[in-house]
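Down below is the structure, laid out as structure tokens.
What follows draws every value from the coordinates through simple rules; no lab data is involved. As the structure is a computational prediction, the values presented were derived from the model and not from experiment. In this analysis, Cβ positions are derived from the backbone assuming ideal geometry, glycine residues included, and neighbour counts consider all displayed protein chains.
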Number of protein chains: 4
Amino acid sequence: MKKLRVGIEGGAGFTGGELIRLLLSHPKVELAAATSSTFPGQPVFLAHPNLRGRTSLSFTRKLDYAKLDVIFLAGGHGDAMSNVPAIIAETGPRLRIIDLSGDFRLKDEALYPVWYTRKHKAPELLKKFAYGLVELNRPEIRKARLVANPGCFATATALALGPLAKGGVAGVVSVTAITGSSGSGISPTPITHHPTRHSNMKAYKPFTHQHIPEVEQILESLAGRKNLKLSLVPISGPFARGIYAVCQVDLPKGWSTERVKDLYASAYKGSSFVRLVPEPPSLNAVNGSNHCDVYVTVQDGRICVISAIDNLVKGASGQAIQNLNVMMGWDEAVGLEMAGHYP
Amino acid sequence: MKKLRVGIEGGAGFTGGELIRLLLSHPKVELAAATSSTFPGQPVFLAHPNLRGRTSLSFTRKLDYAKLDVIFLAGGHGDAMSNVPAIIAETGPRLRIIDLSGDFRLKDEALYPVWYTRKHKAPELLKKFAYGLVELNRPEIRKARLVANPGCFATATALALGPLAKGGVAGVVSVTAITGSSGSGISPTPITHHPTRHSNMKAYKPFTHQHIPEVEQILESLAGRKNLKLSLVPISGPFARGIYAVCQVDLPKGWSTERVKDLYASAYKGSSFVRLVPEPPSLNAVNGSNHCDVYVTVQDGRICVISAIDNLVKGASGQAIQNLNVMMGWDEAVGLEMAGHYP
Amino acid sequence: MKKLRVGIEGGAGFTGGELIRLLLSHPKVELAAATSSTFPGQPVFLAHPNLRGRTSLSFTRKLDYAKLDVIFLAGGHGDAMSNVPAIIAETGPRLRIIDLSGDFRLKDEALYPVWYTRKHKAPELLKKFAYGLVELNRPEIRKARLVANPGCFATATALALGPLAKGGVAGVVSVTAITGSSGSGISPTPITHHPTRHSNMKAYKPFTHQHIPEVEQILESLAGRKNLKLSLVPISGPFARGIYAVCQVDLPKGWSTERVKDLYASAYKGSSFVRLVPEPPSLNAVNGSNHCDVYVTVQDGRICVISAIDNLVKGASGQAIQNLNVMMGWDEAVGLEMAGHYP
Amino acid sequence: MKKLRVGIEGGAGFTGGELIRLLLSHPKVELAAATSSTFPGQPVFLAHPNLRGRTSLSFTRKLDYAKLDVIFLAGGHGDAMSNVPAIIAETGPRLRIIDLSGDFRLKDEALYPVWYTRKHKAPELLKKFAYGLVELNRPEIRKARLVANPGCFATATALALGPLAKGGVAGVVSVTAITGSSGSGISPTPITHHPTRHSNMKAYKPFTHQHIPEVEQILESLAGRKNLKLSLVPISGPFARGIYAVCQVDLPKGWSTERVKDLYASAYKGSSFVRLVPEPPSLNAVNGSNHCDVYVTVQDGRICVISAIDNLVKGASGQAIQNLNVMMGWDEAVGLEMAGHYP
């Protein structure tokens, strides 16, 4: 069987490296090219030392779209909205595009100036991108040629709350979500300076993180209306990988614990990457894998849902490949069967 | 000036070690004795290698109460309620007692079977202990001879919410609080096993942690009624020291941001250990010190309060000494002036 | 093709879990059974939460050797020497055995009382076990039915020094090797207590670690005589996975840097798991993989060799599977192609 | 008593912050001013959040030397050699100077181009600076007005080896020394990027670190000749604070273990900051303090010495204050009595 030819824009960052790592063992895909403006012409393993001996690929400056079937966009936020219109103009609808940035996640262009502090450059494309949270939006992704891969906080939070939204739960959800440092990318900044990140906790953007509107959008589409309002406080945690999201919301009057748990069992039946776990999850049970572990408990009129993912796998590159699998009509777990590392 | 003679029951644990470390440089105190059932007769530095060369004290099996003015109880939960009645019977009211366990924190004996899974053994003493959260209960501590030192989660959470309670804010407060591993004590357990604690996050006892009722109790006493209900999810974090508490609650209708912030400025005026900080706090700015950094923000009808403490200092031994200072009528910062370590 | 039927004795520990994780994706192997005395009859994922949803296997109390082609022994040190004679008596030479403990690594039974503080219980078997350090002992392993899988420190150190031994370098080698906490196993102990292991370094067993004689033994067999003496100081490091070994030895008089580097290029040509790297290696480039990264530099008459492995993969379970592959005449990388995680 | 007036050049870095933290509780010193080119005119606590509420000092752009008795130079390497000649020209010998950089540590100007890749700009001053390793050079420091504070690796290594040098031990010493990330300073770089520093080990500058010649210089001065050659491999470790140095050297023929241990007892009698410990030291027993824990063992003709310090305290700012105390004829522990934190 001829393999699908895949290219990566922005292959030298953490999500780019994770895409390469995972695609190298994907049986239906040939990784044809990856770009880097920092390492053009140099071996991929210079940026990703784990890949030494695993691939002889070198970074290029540009992708040759004519030779590719699918591209992953793993560059910075803002790059995709600048480049995608020209790519589509050049390639027509033939080329599938999976964008890992936030550029095409929101349907409503009016939200971009609010949450991303800039006007959208290609608003006519917003409705053409499917929101790539497979477990909550599989039918749309199946038909899509353009997919906006969800944010890492959004993935963990939406998977935690999606069943409640479907079930009609309403109210304000308090979410505290802790992220590993790899979520900040490969360039050193004060936020990722080891001496001060190590052993520390530091919240940031309380109530104002840009992943909030994409979660509210998918929850609204599942509920049929704006039932759930997201009140999110992100925290920078002292580990490299993982998102750990703790969500609390009022139990609807008269609901039993079973009714809540049934929503989860029903929503994730057939979604092997989401595991409903009987005690609070651990990052080290999901890290390295495409799993999202979800725990639900109810007490005294309150629902608590906790979810855990690897931010670079289920929260980025693994999910992007899962989207590819779904778009192609393949088993959605192809190339993503690895279990997490523990410990 | 004659120094106050101090003894410690349970000096070989982490809070015991921290008491010794801090008391050794307290100018008004002489550390006369510390007990350990594991290291009786052996130098303190065998249990606490940081103290080698700093003290020639050896652990004893028992305290000689007749020679002491104050004792700190730093043994396990349940020990204090077993022992304090006999101590008081022996010493009369002369001996001051500061208990670091949960045994005397709750006024209502009916709560013990619910939250601590056992009946209280000395319920007649519960009302005689002052709850030792200085910034929120200073007048009562000033007059007390018996003080129940608050729990670490309780300290961080109550300091975050006390001003709201005083100000009349009502509702359910969603709290996610992350703790360092030293909070689990000096004995190895699966929860503190390095390979699985490292780089991990794992919630536990969601909605059922035993520090919940002591927070609700102090908030009720500040408010004059049961206005605030605590909905707490604790998390085991991958660091050794610190409690980081993120609290969310609805803003009362019609309230301004300033009104909220004024509550904090007013509540903590004159309380030098609580620092109101203009951006979310960091553990590494408080660890090693008796500070509690508190941040407040308001948006879209929601209040977020975040607090950070060193669980072994402000969350245990430092606060115990602060209680001693207040009981003695000394400057409450005596012996506790050290700044935190950063980084 | 009929798959090889594999069993694991001691499947609930870290090396057991890693064996299961890796064998589940090995294309030529069927994991038929794994024992646990702690979790008999219970699902494997109770011990290894990463494997939830990946296998429906439950632990058994005993293996049925008649139904197995190969067994991995991943129990405690001392178990294998007690059990292997009976296993062989029962199964005859048909059953292949790969022992991950230290019980059969040393050819000379006189070394056991010295380094393992007990007499060997099955000395007649010592010479029948091949020492399973593939890159340095492949021919013997190919013919073996019994393999003693090397220790984690031994693997990192012997791979660093093997080429020097082959090349005739002599002298005392100073080695400092830092290990992750997973090397101490799944049971909590003071050495793996998170509050004190975190952010700490602590050497142990300086000059007396039990992996020393197995390294000297393989180096002697490569050199043809006792040329290299190992002077090893192990350190407990504050991370979960990895061995980082720094070795120093005098450069033989008259030798050039090239001569040294040629020894490595020659020794590891065709050994894809050993990667010769042009700058000092990183644990995060090998962790999660079966790689050993090796760096060599020469200056002022001194050779420095630094090696890095994942202690649970190349230092234990991955290497055990590599040994299986070699014994079976398969490509030695089958089932072990995964790249390390980075970051 | 009039307090000594102290100024700091470069107060916004980690060593600057640590100097401020420690000097604020030094009873004989008034911290008069600290400069920062990044935060001029801004409160010290903006750079060092631990100091909020502990000092009202703001950074200045320049020091007014006329108003100061002592200055600490905590700027970058190369600044001191550029500025000190002018400072001395302006102030004459009145002003004491303690330089924390590497600019004045080596007596031989010919070493600067080799180890620091540049010619020295004030070679005439090199002999006027005392090397500030108090325990090994106290008499010279007592008389000095100019002190070069040792490097962090140099402090740990020289304290480990000084007694051997004094005792006449000769040979090549293999040293592996692991450093915390705060040693790289406050500016984010790839070396201190949390995602890749976390859980990692990575050696750098094997045999070529610039602290080598200052250790060899002090050892030579103690021995009276070049007896000990330093063969040092530094490693970047995954913790924020600490230097852990493991040293190995041949035992001289005929020497007993006692003879070696006596050298240490004798060398450090009366030096309270150096603690001879009976088992390998731990970073968490010294971190936060000015201690250096030293362990010595002998076996099979080899000596192993292991030392542990807090790189920012004994390895930098604490030692600088210790030097001040010695220069002033004060008890050398004034202001430095704090015990380390544990855990």
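In this calculation the C-beta distance from B:S82 to A:R259 is compared with R0 = 41 Å, giving a FRET efficiency of 0.40. Structure remark: mean-square fluctuation, Gaussian network model of chain D, C-alpha springs under 10 Å; the largest value among D:L31, D:L136, D:L263 belongs to D:L263. The share of alpha-carbon pairs in chain D lying farther apart than 38 Å comes to 12%. Dimensions of the range C:110-159 along the principal axes, based on C-alpha atoms and rounded to the nearest Å, stand at 30, 24, 12, largest first.
Would you mind counting up the charge near B:A74? Only other residues with Cβ under 10 Å from its Cβ, with Lys and Arg at +1 and Asp and Glu at -1. Counting the neighbours of B:A74, the net charge comes to -4. Taking the label point 7 Å along Cα→Cβ, C:H77 and its counterparts in the other copies are spaced 3.8, 4.1, 5.2 nm apart, in ascending order. Evaluated at q = 0.05 Å⁻¹, a Debye calculation over the C-alpha positions of the protein assembly as shown (equal weights, vacuum) places log10 I(q)/I(0) at -0.38. With respect to chain D, whose longest principal axis is taken over its alpha-carbon atoms, helix D:318-328 is tilted by about 80°.
Beta bridges per DSSP, both residues in chain C: antiparallel share near 45 percent. An ellipsoid equivalent to the range B:153-311, defined through the eigenvalues of its Cα gyration tensor, has semi-axes of 28, 17, 14 Å when rounded to whole angstrom and sorted largest first.
GNM on chain D, C-alpha springs below 10 Å: top fluctuator among D:S256, D:S236, D:S289? Maximum fluctuation in the GNM of chain D, among the listed residues, is at D:S256. In terms of surrounding Cβ atoms within a 10 Å radius of their Cβ, D:K314, D:K226 rank from fewest to most as D:K226, D:K314.
Among the listed pairs C:K2/C:K121; C:K62/C:K121; C:K202/C:K314; A:K261/B:K205, give every one whose C-alpha distance is greater than 25 Å. From the list (C:K2/C:K121; C:K62/C:K121; C:K202/C:K314; A:K261/B:K205), the Cα-Cα distance tops 25 Å for C:K2/C:K121.
Within a straight-line Cα-Cα reach of under 16 Å, D:K67 can be paired with the following aspartates and glutamates, leaving aside sequence neighbours fewer than 8 residues apart in one chain: D:E9, D:E30, D:E90. By the beta-carbon count within 10 Å of each Cβ, the least crowded to most crowded order of A:Y342, D:Y244, B:Y112, fewest first, is B:Y112, A:Y342, D:Y244.
Comparing C:R105, C:R52, C:R61 in a Gaussian network model of chain C, where Cα atoms under 10 Å apart are tied by springs, the biggest mean-square fluctuation is seen for C:R52. Local charge sum around B:N287 (other residues, Cβ-Cβ under 11 Å, Lys/Arg +1, Asp/Glu -1)? Around B:N287, the charge tally is 0.
Of A:M1, B:M338, D:M328, the sequence from fewest to most neighbouring Cβ atoms within 10 angstrom is A:M1, D:M328, B:M338. Bridging of C:K119 to lysines at a Cα separation below 19 Å is possible for C:K107, C:K127, C:K128, once same-chain residues fewer than 8 apart are set aside. Only helices enter this figure: runs of n ≥ 4 DSSP H residues, each worth -39500 (n - 2.57), summed and divided by the residues of chain A, yield -8500 deg cm²/dmol at 222 nm to the nearest 500. Taking the longest Cα principal axis of chain B as reference, the axis of helix B:257-268 is set at about 20 degrees. Annotation: aspartates and glutamates with alpha-carbon distance below 20 angstrom to B:K166 (same-chain offsets under eight excluded): B:E135, B:E140, B:E214, B:E216, B:E220, B:D250, B:E258, B:D262, B:D293. The convex hull built on the alpha-carbon positions of the range D:260-322 has an orientation-averaged projected area of 4.4 nm². Here the range B:235-343 is treated as a Stokes sphere of Kirkwood radius computed over C-alpha pairs; at 10 °C and 1.306 mPa s its diffusion coefficient rounds to 106 µm²/s. Between copies, A:G185 shows label-point distances of 2.4, 4.7, 4.7 nm, shortest first, with the point placed 7 angstrom from Cα along Cα to C-beta.
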